[in-house]
Amino acid sequence: MSETVPTAAAGRSPQEAEIVAALGDRPVVLIGMMGAGKSTVGRRLALRLGLPFLDADTEIESAAAMTIPEIFETHGEPHFRDGEARVISRLLDGGTKVLATGGGAFMREETRDRIREKAISMWLEAEADVILRRVKRRADRPLLKTPDPAGTIARLIAERYPLYREADITIASRDVPHEKIVDECVAALHDYLCAAPPQP
Ligand code: S3P
């Protein structure tokens with residue numbers, strides 16, 4: 001099981017406790033391109049909030065008992081996308097948590113609608129050069145096994161950013177310490193969920 005069990009609930013700051021209370025049973029769903037830091041930031045954000053962390057890609061791999069490259073190779077991308085939508089739909093229902101999703105998940109309308117209805121979405125927006133530098137460290141992204149990964153990333157950004165922009169919250173992912181990005185996520189969640197309503 002990939003779930004990280006929270007141990008820090010008792011150590012939440014007042015701001016973190018207010019966020020968790022305002023979330024109720026809604027998950028925080030991280031969206032964004034490969035390499036944007038969804039899993040790394042998500043895991044740390046979950047620890048800060050004392051919530052479970054789940055990674056949709058890992059859940060898809062355990063459900064299929066195959067790695068993502070194996071699923072793409074054996075069954076093709078459409079099959080992967082159907083499984084991804086099913087797994088995310090299940091995870092959105094299992095109570096509050098931080099959920100990292102794969103870069104393509106938010107492109108499916110049905111998944112966007114479910115996230116809008118049941119969760120708070122957070123886009124980790126990263127620039128193409130940051131993404132390219134980070135994805136070069138790993139070879140397990142089937143979509144980037146192309147002769148021109150930089151061109152592929154540029155195309156995916158053009159297709160995806162207009163939809164990612166629909167997220168409730170946007171955070172600029174960049175090369176600063178992870179804890180700084182997590183601090184910004186906590187502050188943005190607090191603003192979004194707990195800001196006092198404007199005075200009449
Ligand atoms: C994909 C991103 C990957 C994984 C799959 C497809 C995409 O997840 O779901 O390789 O379409 O951008 P990460 O965003 O976690 O790398």
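The values are calculated or read from the model by the stated rules, or taken from the named source; none is laboratory data. Computed from a predicted model, the values in this text were never measured in an experiment. For neighbour counting, all protein chains shown are included, and Cβ atoms are generated from backbone atoms with ideal geometry for every residue, glycine included. The protein model used for the area step is the full one, side chains on, heavy atoms only, and it has no ligands, DNA or RNA in it. Shrake-Rupley method; radii C 1.70, N 1.55, O 1.52, S 1.80 Å.
Listed values, structure above:
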{"quantity": "Failed criterion for T67 (all others in (1) loosely packed, with under 15 Cβ neighbours inside 10 Å; (2) out of contact with any helix residue (DSSP H, G or I) (no Cβ under 7 Å at 6 or more places or on another chain) hold)", "calculated": "(2)"}
{"quantity": "Members of the range 132-162 found to be at pLDDT 95 or above and either of a type in the set (D, E, K, R) or touching a Ser or Thr at 6+ places or on another chain (Cβ under 9 Å) (or both), listed by number", "calculated": "T152, R155, E159, R160"}
{"quantity": "Unique residue being assigned to a loop (DSSP other than H, G, I, E, B) and of a type in the set (G, A, S) when the list is A150, A187, A158, A196", "calculated": "A196"}
{"quantity": "Residue within the range 134-142 that is open to solvent by less than 60 Å² (accessible area, probe 1.4 Å), within 15 Å of the ligand (Cβ to nearest atom), in contact with a Phe, Trp or Tyr (Cβ under 8 Å, 6 or more places away or on another chain) and assigned to a helix (DSSP H, G or I) present", "calculated": "yes"}
{"quantity": "Among (1) within 16 Å of the chain's Cα centre (by Cα); (2) open to solvent by 60 Å² or more (accessible area, probe 1.4 Å); (3) within 13 Å of the ligand (Cβ to nearest atom); (4) of a type outside the set (K, R), the one test that E166 misses", "calculated": "(3)"}
{"quantity": "Selection count where residues are open to solvent by 30 Å² or more (accessible area, probe 1.4 Å) and of a type in the set (A, V, I, L, M, F, W, C), scope the range 76-93", "calculated": "0"}
